[in-house]
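Input: a single structure, listed below in structure tokens.
The values are calculated or read from the model by the stated rules, or taken from the named source; none is laboratory data. Small disclaimer: the values here were computed from a predicted structure and weren't measured. Note: ideal-geometry Cβ built from the backbone for every residue, glycine included; neighbour counts use all protein chains shown.
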Amino acid sequence: MNKEEIYDHWTSWAQEHGEAIEATTRTQSAKSIELSALNSAFARYTSVDATPTTVLEVGCGNGVNCVYIASSFPKSQIFGIDFVPEMVEHARGSARSAHTYERCTFRVGDAMQLEEIEDLPTDFDIAFTVRCLINLESDENQRRGLKSIAERVATNGYIFLIENSQQSYARQNNLRTTLGLQPRTPASFNHFIDEVSFLEFAKECGLTLQGIVDISSLHDTVLYALAPSTNGGTD
Ligand SMILES: C[S@@+](CC[C@H](N)C(=O)[O-])C[C@H]1O[C@@H](n2cnc3c(N)ncnc32)[C@H](O)[C@@H]1O
């Protein structure tokens, strides 16, 4: 899909599912894993309990992650950006319902052009994405997205990226083939990240890799390989 088609896809999911988790994922168990991974990353790399921490989520959808972080870390100030206005409206609604509205700001904007968002700070303590960069339909656009995000983070800040990589997807498909299943293909609105060239580019941007955490291979192995191998191939 091109950018316009991807925009239409997320607009229709936002319209259909509103503030529900289904607006941004079909797999609720994977969403729980993502939230837990975010929680661990925040707890490890920040002192959010002690000092106000400013946080940017790029591609925030209907605000599930932002509201979760705002609720879990009561001193955090969150900024969520998404290019779909309906997602942003629902994110505001979710923050209101969770009583975190005063610490959550949501704006419409493009991940690759954050400089166009009025008054968006350039010194966030933390910026993160969850399955946003995989919606940027080429390696080149993913690099533009990362650069744009890096420019918004303070010198000693952190960037957390929860994204699918081509390499881990290939490992999953190898296992499926070994078990006699057909390989899966990514959704048409996704372009998974090539970990090798992406990490090289991150270095060129002046970023230092702190680590890579494998958060869902056990989940995915069970869901997409072991279970279908026992039930005739259904995910
Ligand atoms: C899979 S959803 C994830 C939403 C949210 N991060 C979550 O985990 O619930 C991807 C989100 O990225 C947004 N997105 C895709 N391309 C974007 C772009 N170029 N700029 C900003 N947002 C974008 C979509 O509108 C959608 O809300």
Residue match in the range 123-134 (condition: farther than 19 Å from A14 by Cβ, surrounded by fewer than 21 Cβ atoms within 10 Å (Cβ to Cβ) and either modelled with pLDDT of 95 or more or touching a helix residue (DSSP H, G or I) at 6+ places or on another chain (Cβ under 7 Å) (or both)): yes
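Within the range 74-91, is even one residue under 18 Å from G18 (Cα atoms) and away from the ligand (no atom under 13 Å from the Cβ)? First the steps, then the outcome.
Within the range 74-91, the subset under 18 Å from G18 (Cα atoms) is 80-91.
Of the ones still in play, those that are also away from the ligand (no atom under 13 Å from the Cβ) are none.
Checked the range 74-91: no residue is under 18 Å from G18 (Cα atoms) and away from the ligand (no atom under 13 Å from the Cβ).
Please specify each residue of the range 1-51 satisfying the condition of being among the charged types (D, E, K, R) and either within 12 Å of the ligand (Cβ to nearest atom) or in contact with a Gly (Cβ under 7 Å, 6 or more places away or on another chain) (or both).
Of the residues in the range 1-51, the ones among the charged types (D, E, K, R) are 3-5, 8, 16, 19, 22, 26, 31, 34, 44, 49.
Within the range 1-51, K3, E4, E5, D8, E19, E22, R26, K31, E34 qualify.
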Taking the range 135-147 and keeping residues surrounded by fewer than 19 Cβ atoms within 10 Å (Cβ to Cβ) and either modelled with pLDDT under 95 or part of a helix (DSSP H, G or I) (or both) leaves E137, D139, E140, N141, R144, K147
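Part of a helix (DSSP H, G or I) and crowded, with 17+ Cβ neighbours inside 10 Å: which single residue out of R176, R171 fits that description? Don't jump to the end; show me each part of the working.
Working: R171 fails: crowded, with 17+ Cβ neighbours inside 10 Å.
Selected residue: R176, the only one of R176, R171 that is part of a helix (DSSP H, G or I) and crowded, with 17+ Cβ neighbours inside 10 Å.
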Which of (1) assigned to a loop (DSSP other than H, G, I, E, B); (2) of a type in the set (G, A, S); (3) more than 23 Å from L136 (Cβ to Cβ) is the odd one out, the single condition G61 does not satisfy? (3)
Residue list for the range 82-113, filter: closer than 21 Å to P52 by Cβ and hydroxyl-bearing (S, T, Y): T100, Y101, T105
